[in-house]
Structure formats: C-alpha cells, structure tokens
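K.L.:
Please find one structure pasted underneath; my questions will follow.
Throughout, read-outs are computed from the coordinates displayed, never taken from laboratory work. Please read all numbers here as calculations on a predicted model, not as lab measurements. We place every Cβ from the backbone using ideal geometry, glycine too, and count neighbours over all the protein chains shown.
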Amino acid sequence: MASAQASSKTWSARVGRRPVLLCSIIFILIFGLTVALSVNVTMFSTLRFFEGFCLAGVILTLYALRIELCPPGKRFMITMVASFVAIAGQFLMPGLAALCRDWQVLQALIICPFLLMLLYWSVFPESLRWLMATQQFESAKKLILHFTQKNCMNPQSDIKGVMPELEKELSRRPKKVCIVKVVGTRNLWKNIVVLCVNSLTGYGIHHCFARSMMGHEVKVPPLENFYADYYTMASIALASCLAMCVVVRFLGRRGGLLFFMILTALASLLQLGLLNLIGKYSQHPDSGMSDSVKDKFSITFSIVGMFASHAVGSLSVFFCAEITPTVIRCGGLGLVLASAGFGMLTAPIIELHNQKGYFLHHIIFACCTLICIICILLLPESRNQNLPENISNGEHYTRQPLLPHKKGEQPLLLTNAELKDYSGLHEAAATSAAGDGLPDNATANGMKSCSSGHGLP
C-alpha cells in the first residue's frame, strides 16, 4: 500500500486527477472481481496486492479533489464527512459478511459499488486549480466556459476580467513540477518531513495500544472476541473523529494536532512507566494491588491512546493536503500516506516474531511522540487560509505563535506584507545619518505598514 501511494502521487501530478481516478477504478474492478475467482492462496494474494495498489490511487486522488474543490471554511468539514462515511462502512461490514456467508460472494459484493464510481468521469471535472497552477490555460479556459454554460451565465459578464487575462497566457507551455523540487526549498520540505514523522508515529503506535487492549480481554469464544475487538476499534475511531471536529474548531489545525499528540504521549508513557510500577507493588501481598487493577489501567490507557493516535494520523494527512502547493499536492499526500503505511507495517512484523520485541517497539514510538511534540511547533497554521498554488506560495506559509498576540504588542514574526515592504528603509537610514532620528513608524525591517494593527505605541 505504501509503494502504491508513492506511485499514484507521481501519475496524479503528471496526468491529472481524473485520469488517475478513472484508471484506478477500472483496474480495481478487474482485480477485485478476479479475486473472487481465485483458486489458490498465491493467486489470491497476488490479486489482492494489485487491488490494494489501485485502491491507493482512488484514495489519493479523491482526497486531493476534495481539498481543491472546497472553499477554505469548508475543507475540514467535508473531510470529516468523508471520514464518517468510511466509518459507517466499517460498522456495516461484519453484518454484510454474516449475510453473505461465502467470502467469494462478499468480495464481489464489495467491488460492485465501484461501478457507480465510473459516473465520476461525468460528474466531477478536472481540478481547475491544478490546471491553472500547472499553466494548462487552454484546458482551464474550456473548463471555465463549460461551467459558464452549465450555470446559464453570460460569458460577457466577466467583471474581474479573468477571460481576457487567460487569453493572454494561452501561448505559455504547461509547467508541471515534480515532488523532488521540494528538496531545494527552505520551509516546505521541513513541514512535509514533520508531517510524515507524525503520520508514521500515529499509525505505528496505534497498533501498540490496540495490541495492549486486546491482550487483557476476558477469555471468550474466538468469534465473539473478534466482533468485540472490531466494534471497539470502530467506536474509538468514531469518537476520535467527533472529538477532532470540536478540538480543531477551537484550536485550529496545528493546535489540534499538538493536543492529540500530547495526549498520545501521555497515554504511552503512563502505560509503559506507571503500569510497571504498579506491577512491582502488586507482587507484595500487603500492597492491596492485584493484577486486575493493572489490567484496568492498561485498558484505559490503551483506549485513550488509540483515540488520540487515530486523530494524530488523520490530522497529519489533512494538514499536509492544506499546506502542500497544488502543483505537488498529490506528491506530498503520497509521502504522508506512504509513511502511514510504513507505520501500519510494524504491526505484522511484530506478529511474525511472536510478539518478541513488542515492549521495545512501544518504547521507540513513545520516544517519537516526544520528538513530534517539539516538531509540531514548527508547523504553520492553515485554518481559513487559501491553498498555496506553487512552491513559492508554500514557502510563505511561515510559523505563527499558537496564541494570538495582544493588542499593541510587537509580533515576533512579521507578516509577508511587512517582510516585503522595504520602501522606508533607505529613508530611515538617510534621516538617521542627517541626525534627525528615526521616524515614528520605522521598524527593524523598514517602515511599518499603516494598515497593520500591530506595533509599539
């Protein structure tokens, strides 16, 4: 799945969102229906691999299209709606499996809804934002005229003069950017690396909490145990999405990610340290602590950790989609989703070794959460901000303080408008050389903008 994300990001950035989405849907139908006809384990595993490969393309392109089609104030809400729909499918899956009985019928039934996704070709247009950012102005012009006809609008009523400006740029050649270009940037590559590490940590430590929770369950029949584990994890994911809606609304993207990462770190450290301390005291007969007390604490910390780590992984992917420029958005998303895939790969590795090294595995991820807490402070805030279109726009996403500065307080980090305004610097230097002193509105970076509400009184 991780390699599929990396491959899909390249094609989506080169040929567009719609062609990759259509090809992924067609091939997932082919491989998915063929899986139901598998005659041995080798054939089943191979076809399932290619099915997952195509599914990664569908997930990646749909995520990018959702972000690019929504206005700034609706991006997170629409993403959460998509998450709730996915969780609803997760709740329905065991019931569907119980009704089908046969796995081949279930496989065919799961793939059939992808037939409806073929209608996306006529419903969803190519991303106009991506066409404009990559200078494909001819295709962008056709798409704008198509929108105009669909909305029964008069093309002549172009108040902002978009079409005349577009006509002037038709002679320019398309300019597509590879994700490798991000290496030469100053801030953008750091933001993507931080979010990759956050995604890797969130999805990786999630299995540690899940394994710890399931290891303390009461002995029940295997089938009932499976349903209990399945619905418990789905319920935790649902509660995590609901909490994200509230926390991100009040704290923003960066504040919400920091909050859930701190919660993950606390749950992990308490589970590793406090439970070992309780285990030592429980060995003494006069301590009053039994193994059941330790198990209850472990289950509590595991649920809190799964709750918070799910939010960390989801917010890291969403955050990356917002701060990565349009020209390389699928590339950035592919890297973060691939990191999440590598984090989930640690689960079967531990299972293959019969849980040997599980404690060390948890300690490593717990240390990663502490590093991530520090790195999150370096990220910018993207709430209610326009999406960056090119790499230079992405570089202007600079870090801001978590708490807004007080009225009349000089900000430590000036805005882009103030950073670019050096018009009064020479005037201030000339005045100072003449001995008249600095003007009242002079700052270290030149003349303070009159429209700015910040500055010393």
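K.L.:
Using 0.36 nm per residue of separation minus the Cα-Cα distance, give me the extension gain between M77 and W121 in nm, one decimal. Don't skip to the answer; put the middle values down first.
P.N.:
Values: separation 44, 0.36 × 44 = 15.84 nm, distance 2.41 nm.
Length gained, M77 through W121: 13.4 nm.
K.L.:
As an exercise, use a Förster radius of 45 Å and the Cβ-Cβ distance of S235 and T46 to find the FRET efficiency, rounded to the nearest 0.05. Could the numbers behind the result be given before it?
P.N.:
Values: r = 34 Å, r/R0 = 0.76.
Rounded to the nearest 0.05, the efficiency is 0.85.
K.L.:
For L96 and E138, calculate 0.36 nm times their separation in residues minus their Cα-Cα distance, and state this gained length in nm to one decimal. Write down the numbers at each step before the final one.
P.N.:
Values: separation 42, 0.36 × 42 = 15.12 nm, distance 4.70 nm.
Between L96 and E138, full extension yields 10.4 nm more.
K.L.:
Another question about this same structure. Please compute the length gained on full extension between L345 and L377, using 0.36 nm multiplied by the number of residues separating them and subtracting their Cα-Cα distance. Don't skip to the answer; put the middle values down first.
P.N.:
On the way: separation 32, 0.36 × 32 = 11.52 nm, distance 2.75 nm.
Contour length minus the Cα-Cα distance gives 8.8 nm.
K.L.:
Please report F31, F319, F44 as a ranked list, fewest other C-beta atoms within 10 angstrom at the top and most at the bottom.
P.N.:
On the way: F31 20, F319 25, F44 17.
Exposure proxy ranking, most exposed first: F44, F31, F319.
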